[in-house]
1. Select, from D128, D107, the only residue that is loosely packed, with under 15 Cβ neighbours inside 10 Å, more than 23 Å from N56 (Cα to Cα) and not hydroxyl-bearing (S, T, Y).
2. Sort out which residues of the stretch 1-40 are among the charged types (D, E, K, R), surrounded by fewer than 13 Cβ atoms within 10 Å (Cβ to Cβ) and in a strand (DSSP E or B), and write them in order of number.
3. Considering only the stretch 103-139, state which residues are closer than 17 Å to N163 by Cβ, acidic (D, E) and either over 11 Å from the mean Cα position of the chain (by Cα) or assigned to a strand (DSSP E or B) (or both).
4. Could you check the stretch 140-155 and list, in sequence order, the residues that are in a strand (DSSP E or B) and either surrounded by 15 or more Cβ atoms within 10 Å (Cβ to Cβ) or at negative phi (or both)?
5. Are there any pairs, at least 6 apart or on different chains, whose C-beta atoms fall under 7 Å, with the first in the stretch 8-24 and among the charged types (D, E, K, R) and the second in a strand (DSSP E or B), and if so, which?
6. Hey, does the stretch 48-57 have a residue that's part of a strand (DSSP E or B), in contact (Cβ under 8 Å) with a residue 24 or more places away in the chain and not basic (K, R)?
7. Residues in the stretch 67-88: is at least one in contact with a helix residue (DSSP H, G or I) (Cβ under 9 Å, 6 or more places away or on another chain), under 26 Å from F168 (Cβ atoms) and among the basic types (K, R)?
8. Determine, yes or no, whether K79 is modelled with pLDDT under 95, assigned to a strand (DSSP E or B) and surrounded by 13 or more Cβ atoms within 10 Å (Cβ to Cβ).
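The values are calculated or read from the model by the stated rules, or taken from the named source; none is laboratory data. Note that the coordinates shown come from a computational prediction; the quantities given were computed from them, not determined experimentally. Heads up, the Cβs are rebuilt from the backbone with ideal geometry, glycines too, and the neighbour counts pull from every protein chain shown.
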Amino acid sequence: MDGKAILSLSADLDDNLWIGTYSGGINRMEIDKRSHRIKFIHYTNNENDPNSLSNNYIRKIYEDRFGNLWVGTYLGLNKFDREYQVFTQHYISEGVPYRMISELYLDKNYNLWITTDNGLYRSNLKNDVVKKYSIGNGLQGNNFNINALYYSSGGEIYIGGRNGFNTFNPSNLKLNDYIPNVIITSILVDNKPIIKRI
């Protein structure tokens, strides 16, 4: 097996064990059911291959209820294609990767919740719309910890960070589409008003 310290382990629906390492990428351990022989398949980042992992520092391996295998790294979110044995990299927006992913969870509305060192993201897998939540939305902070996500039987998600934890029910989150009018009441230059009323 290749790699160094192990940060993430996950067994998939095919009984393979996925082993995420500190700087050596991912190892997939397969056990032959007849011979009981163990085989390791190693996946790493290759800067010249867009179908490789985005980064070798694996922070989270997560298989959703549809059998999709997601890999969160120090620099990027990846989805594994079982048929072609390659990774697809997912972005916040065109060319902008997720950074330092800590946790992943897919809710019943096809929203993939992604905790990072730069806030909480909701990525809808049906329409590819990404929404960011931060301190301004009431989060305890923008930094979240590895192994600090819990989904309750009541549908609440609990996420832990450096300043405590938050809990919410994804079904109850409402998007505020209201854009208030901007009103300028004065303009200051060197802390002196140049226009008092507009």
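1. Numbers: D107 fails: loosely packed, with under 15 Cβ neighbours inside 10 Å.
Unique residue meeting the criteria: D128.
2. If we filter the stretch 1-40 for residues that are among the charged types (D, E, K, R), which is where we start, we get 2, 4, 12, 14-15, 28, 30, 32-34, 37, 39.
From the residues that got through so far, the ones that are surrounded by fewer than 13 Cβ atoms within 10 Å (Cβ to Cβ) too are 4, 14-15, 32-34, 37, 39.
Listed by number, the list holds a single entry, K39.
3. Step one: list which residues in the stretch 103-139 are closer than 17 Å to N163 by Cβ, which gives 103, 115-120, 133-139.
Those still in the list that are acidic (D, E) too: 103, 117.
Residue satisfying the conditions is E103 alone.
4. Within the stretch 140-155, F144, N145, I146, A148, L149, Y150, Y151 meet the criteria.
5. D12/W18; D12/E63; D12/L69
6. Looking only at the stretch 48-57, we keep the residues that are part of a strand (DSSP E or B), and these are none.
No: the stretch 48-57 contains no residue that is part of a strand (DSSP E or B), in contact (Cβ under 8 Å) with a residue 24 or more places away in the chain and not basic (K, R).
7. Initially, the stretch 67-88 is screened for residues in contact with a helix residue (DSSP H, G or I) (Cβ under 9 Å, 6 or more places away or on another chain), giving none.
The answer is no, given that none of the residues of the stretch 67-88 is in contact with a helix residue (DSSP H, G or I) (Cβ under 9 Å, 6 or more places away or on another chain), under 26 Å from F168 (Cβ atoms) and among the basic types (K, R).
8. Values: modelled with pLDDT under 95: no; assigned to a strand (DSSP E or B): yes; surrounded by 13 or more Cβ atoms within 10 Å (Cβ to Cβ): yes.
Here the answer is no, as K79 does not meet what is asked.
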